[in-house]
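S.K.: Take this structure first; my questions come after.
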Amino acid sequence: MPIAQSSPIAKTLTQIGLSDKQAVIYEALLNLGKANIGKLLPKIPYKRGNTYDILEELKQKNLVSEIEERGKKVFVVEPPTSLERFVDQQEQAVVQQRKLLNDNLNQLKSLYDLTISKPVIQYFEGVNGLKQIYEHTLCQQDDKKIMVFRSIYDDKRVYDYLMSYQKRRAGHGIEAKIFSPSQVTEERLQKDKKLLIQRKYLPREVFSLPTEIDIFQNKVALLSFRKKLIGVIIDNKDFADSMKTIFMQLWEKVTQ
């Protein structure tokens, strides 16, 4: 009966690094001691051509040797101590592989960082699309802040939602710094305080933005309320850090 890949010895041999077929043939030769191909084939579940290929692999691993008897090739199993050398060689190969990886790891990391830093851009349309953008700003686990350049345009279709959104944003503990194109009244400041908002005035004749810009975490959102309601979120740390720097430089200079 041919040796099965599930035999205890075959399983052990595969666990130390032999393939399933190599393990079966090695076990068969271990039982036979030595055998020509005709004597070996009934003991294994493989065809002649495939068996020769696997025997060659075992010879390369120094687990099987080949001799000639009466004009025929005979395959001889090496003693089990040869398996110790085989395992040692694998360990040495792992050490070499580790060194090779360490020598090239910085280059691989640089390539990864270059790829992963490519901005991810999401596009949104309509009232529901802009609402989705605002909902994204609420998903902040740390550094709960948002910086906003308000647009000179508004849209009545999102007004009620924005009132609710600001309350929920404050409920999430997210602090907002906002540049507004409208004068900041004392009444507005009192309401803002409850909503965790700091607001400064940028006159539209000096700083006129047709698009609102929201900066939060590693993202920059642009929302257009003029004519067609559209918006995008750019997910990229460099973009966000650049916009935060611009915002804070301006914030420090504006006193109103």
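The values are calculated or read from the model by the stated rules, or taken from the named source; none is laboratory data. Everything numeric in this text was worked out from a predicted model, so none of it was measured. Counting neighbours? That spans all protein chains shown, and the Cβs are built from the backbone with ideal geometry, glycine included.
S.K.: Looking only at residues in segment 144-165 that are in a helix (DSSP H, G or I) and touching a helix residue (DSSP H, G or I) at 6+ places or on another chain (Cβ under 9 Å), which one is surrounded by the fewest Cβ atoms within 10 Å (Cβ to Cβ)?
M.R.: ARG157
S.K.: While we're on this one: Can you find a residue in segment 160-175 that is under 30 Å from ASP113 (Cβ atoms) and in the same structural domain as VAL127 (by TED's automatic domain parsing)?
M.R.: Yes: segment 160-175 contains one or more residues that are under 30 Å from ASP113 (Cβ atoms) and in the same structural domain as VAL127 (by TED's automatic domain parsing).
S.K.: While we're looking at this one, here's another question. ILE133 fails exactly one of the following numbered conditions: (1) among the aliphatic types (A, V, I, L, M); (2) more than 28 Å from the chain's Cα centre (by Cα); (3) more than 24 Å from LYS253 (Cβ to Cβ); (4) surrounded by 15 or more Cβ atoms within 10 Å (Cβ to Cβ). What is the number of that condition?
M.R.: (2)
S.K.: Oh, and also: Do you know which of the residues in segment 12-34 that are among the β-branched types (Val, Ile, Thr) and outside any loop (DSSP other than H, G, I, E, B) is farthest from the chain's Cα centre (by Cα)?
M.R.: The extreme case among them is ILE25.
S.K.: Mind listing whichever residues of segment 219-243 are surrounded by fewer than 17 Cβ atoms within 10 Å (Cβ to Cβ) and either more than 13 Å from PRO119 (Cβ to Cβ) or touching a helix residue (DSSP H, G or I) at 6+ places or on another chain (Cβ under 6 Å) (or both)?
M.R.: Hits for segment 219-243 are ARG226, LYS227, LYS228.
S.K.: Kindly indicate whether any position in segment 203-217 is without any contact (Cβ under 8 Å) to a residue 40 or more places away in the chain, in a helix (DSSP H, G or I) and charged (D, E, K, R).
M.R.: no
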